[in-house]
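Remarks on the structure that follows.
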Amino acid sequence: MINETDLEAFGYWQEQWKSKPLDMKSYQSEAQKTAIYGVNHAVIYPALGLAGEAGEVANKVKKMLRDGDFDRNAVAAELGDCMWYIAALSRDLNISMAEIAMSNLEKLMKRKANGTIKGSGDNR
């Protein structure tokens with residue numbers, strides 16, 4: 001059961017993180033502490049969770065088309081859930097989020113330089 005000491009500790013932790021920028025390594029390290037799935041579900045659990053959360057992002061945006069309402073904070077919350085699953089999946093694959101981000105930027109810059117940003121296929 002959560003007690004007052006736990007709540008005070010969370011408040012302290014929350015203030016510490018809000019007072020400085022959060023890098024990917026720190027996020028991945030802190031997010032890992034909240035993972036509760038077993039090693040026998042490594043990779044598959046976060047991959048399926050990521051697919052589900054990405055679907056929730058799409059659903060929130062779809063409602064903008066249907067209802068004319070856009071809840072930016074709700075989309076941001078779902079994006080945060082996507083980040084958690086990305087952190088967990090990359091940890092399970094033994095790849096840092098920073099490595100993934102850098103590799104992705106390198107790929108995109110190469111495509112931009114080659115004039116192949118538009119189009120389809122992995123090898124362009």
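The values are calculated or read from the model by the stated rules, or taken from the named source; none is laboratory data. Bear in mind that the values here come from a model prediction, so they are computed numbers and not experimental data. Heads up, the Cβs are rebuilt from the backbone with ideal geometry, glycines too, and the neighbour counts pull from every protein chain shown.
State the number of residues belonging to segment 100-124 that are basic (K, R) and in contact (Cβ under 8 Å) with a residue 40 or more places away in the chain.
Residues meeting the conditions: 0.
Condition test on R72, is it of a type in the set (D, E, K, R) and buried (at least 17 other Cβ atoms within 10 Å of the Cβ)?
When the stated conditions are applied, R72 does not pass them.
For segment 110-119, state whether one or more residues are assigned to a helix (DSSP H, G or I), over 24 Å from L48 (Cβ atoms) and of a type in the set (S, T, N, Q).
yes
State all residues of segment 50-64 that are out of contact with any Phe, Trp or Tyr (no Cβ under 9 Å at 6 or more places or on another chain) and without any contact (Cβ under 8 Å) to a residue 24 or more places away in the chain; if no residue qualifies, say none.
G55, A58, N59, K62, listed by residue number.
Has segment 82-93 got at least one residue that is surrounded by fewer than 16 Cβ atoms within 10 Å (Cβ to Cβ) and closer than 20 Å to A31 by Cα?
yes
What do you reckon, is G49 over 17 Å from A87 (Cβ atoms), modelled with pLDDT of 95 or more and within 15 Å of the chain's Cα centre (by Cα)?
no
Given the structure, is V43 on the phi > 0 side of the Ramachandran plot and modelled with pLDDT of 90 or more?
yes
When the residues of segment 57-98 are narrowed to those that are in a helix (DSSP H, G or I) and of a type in the set (V, I, T), which ends up farthest from the chain's Cα centre (by Cα)?
V61
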